[in-house]
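For reference, the structure discussed in these notes is given below.
The values are calculated or read from the model by the stated rules, or taken from the named source; none is laboratory data. Only a predicted model underlies this, so the values are computations on that prediction, with no experimental measurement involved. As a convention, Cβ positions derive from the backbone with ideal geometry for all residues, glycine included, and neighbour counts pool all protein chains shown.
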Amino acid sequence: MLAATLIVVVIPSISGFLTVEPNQAVVLRFFGRYVGTLREPGFWWTIPFATKRRISLRVRNFNSNILKVNDAQGSPIEIPPVVVWQVLDSAKSTFAVDEYQEFVAIQSETAIRALAIRYCYDAPDESDTPSLRGIPDEIENSLKEELQARLEVAGVEVLEARLSHLAYAPEIAQMMLRRQQAKALIDARRQIINSAVGMVDEALKRLSKENIIDLDEERKAAMVNNLLVVLTSEQYTQPVVNAGSLYA
């Protein structure tokens, strides 16, 4: 009789003991009902025969594979996200979604795709249009807000969200590289020409101001032409000295 009593009392009591590690939560269910969550580390006793599920509260990273998506202009780009997250509400993580880690992965990729189609990879020339390359800080903030809204249902807090890689897809990368090189060459030539015109204008004004030489319009045009050729030429120019005619 005593042995039976001990079995009835002791075994259920033993099943109620559990340990909670640091940065860990234990979600308790009793006959299908949620009865609470233990978050403080230590040795605990709870309702015997309660179902216990351990949830890690540690900070975790989700590093997505490279995703190929189309930007706002329809250009294919590669844009994988890195998300730093942790479980904030262990009950939601257990009951609101099937597998919260898989939910984080899928929603992170969905959020980056939704973000990419709202922006172009690079803004057009002389345009204030926001782009993925032009406003990286704002893009990261937008991605974090988008993710937090999607993961709120799973009790997950997004600590950081950023892009780990941003590039054109391989099939158009070479074409876009040539376009960027052409743009850089045009910008460089424009700067050279603007500087050359300024130098020629300064030279003409100084010659006129100090009365070094009096040039008519024809000679002034010839001088402007020669100076611009010298200043804007990509190769070293060889000066030719006009010594006058032999029979002059």
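Which residue pairs have Cβ atoms under 6 Å apart, sit 6 or more places apart or on different chains, and have a first residue in segment 199-218 that is closer than 19 Å to VAL230 by Cβ and a second that is among the aliphatic types (A, V, I, L, M) and not in a loop (DSSP other than H, G, I, E, B)?
Every condition considered, the pairs that remain are VAL200/VAL224; VAL200/LEU227; ILE213/LEU207.
Determine, yes or no, whether ALA72 is part of a helix (DSSP H, G or I) and over 19 Å from VAL27 (Cα atoms).
Details: part of a helix (DSSP H, G or I): no; over 19 Å from VAL27 (Cα atoms): yes.
Criteria not met by ALA72.
Does segment 39-64 hold any residues that are touching a residue at least 40 places away in the same chain (Cβ under 8 Å), of a type in the set (Lys, Arg) and part of a loop (DSSP other than H, G, I, E, B), and which are they?
Correct list: ARG39 only.
Being more than 14 Å from the chain's Cα centre (by Cα) and of a type outside the set (Lys, Arg) is the requirement here; does VAL104 meet it? Spell out how you get there, then give the answer.
On the way: more than 14 Å from the chain's Cα centre (by Cα): yes; of a type outside the set (Lys, Arg): yes.
Yes, satisfied.
Show the residue pairs meeting these rules: Cβ distance below 9 Å; 6+ apart or different chains; first residue within segment 101-113 and in a helix (DSSP H, G or I); second residue surrounded by fewer than 21 Cβ atoms within 10 Å (Cβ to Cβ) and small (Gly, Ala, Ser).
Matching pairs, first to second residue: PHE103/ALA96; ALA105/SER64; SER108/SER64; GLU109/SER64; ALA111/ALA149; ILE112/SER64.
All but one of (1) modelled with pLDDT of 85 or more; (2) surrounded by 10 or more Cβ atoms within 10 Å (Cβ to Cβ); (3) in a helix (DSSP H, G or I) hold for ASP137, so report the exception by its number.
With (1) modelled with pLDDT of 85 or more; (2) surrounded by 10 or more Cβ atoms within 10 Å (Cβ to Cβ); (3) in a helix (DSSP H, G or I) applied to ASP137, the lone miss is (2).
Specify which of the listed residues (ILE66, ILE106, ILE79) is surrounded by fewer than 17 Cβ atoms within 10 Å (Cβ to Cβ) and in contact with a His (Cβ under 9 Å, 6 or more places away or on another chain). Write out each step before concluding.
Values: ILE106 fails: in contact with a His (Cβ under 9 Å, 6 or more places away or on another chain); ILE79 fails: surrounded by fewer than 17 Cβ atoms within 10 Å (Cβ to Cβ).
Answer to the check: ILE66.
Assess whether THR237 counts as being modelled with pLDDT under 70 and of a type outside the set (Phe, Trp, Tyr).
Working: modelled with pLDDT under 70: yes; of a type outside the set (Phe, Trp, Tyr): yes.
Against the criterion (modelled with pLDDT under 70 and of a type outside the set (Phe, Trp, Tyr)), THR237 qualifies.
Is segment 129-144 home to any residue that is of a type in the set (Asp, Glu) and under 20 Å from LEU177 (Cβ atoms)? Give the derivation first.
The initial filter retains those residues of segment 129-144 that are of a type in the set (Asp, Glu), namely 137-138, 140.
Filter again for under 20 Å from LEU177 (Cβ atoms), leaving none.
No, because not a single residue in segment 129-144 is of a type in the set (Asp, Glu) and under 20 Å from LEU177 (Cβ atoms).
Keeping to segment 25-51, report how many residues are in contact with a strand residue (DSSP E or B) (Cβ under 6 Å, 6 or more places away or on another chain), exposed (fewer than 15 other Cβ atoms within 10 Å of the Cβ) and among the basic types (Lys, Arg).
The qualifying residues number 1.
Residues are listed down the side, and each one gets a yes or a no for (1) outside the structural domain of LYS183 (by TED's automatic domain parsing); (2) in a helix (DSSP H, G or I); (3) among the charged types (D, E, K, R); (4) in contact with a Leu (Cβ under 9 Å, 6 or more places away or on another chain):
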residue	(1), (2), (3), (4)
THR37	yes, no, no, yes
ILE66	yes, no, no, no
THR94	yes, yes, no, no
LEU143	yes, yes, no, yes
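What are the residues in segment 83-92 that are crowded, with 17+ Cβ neighbours inside 10 Å and part of a strand (DSSP E or B), if any?
VAL83, TRP85, VAL87
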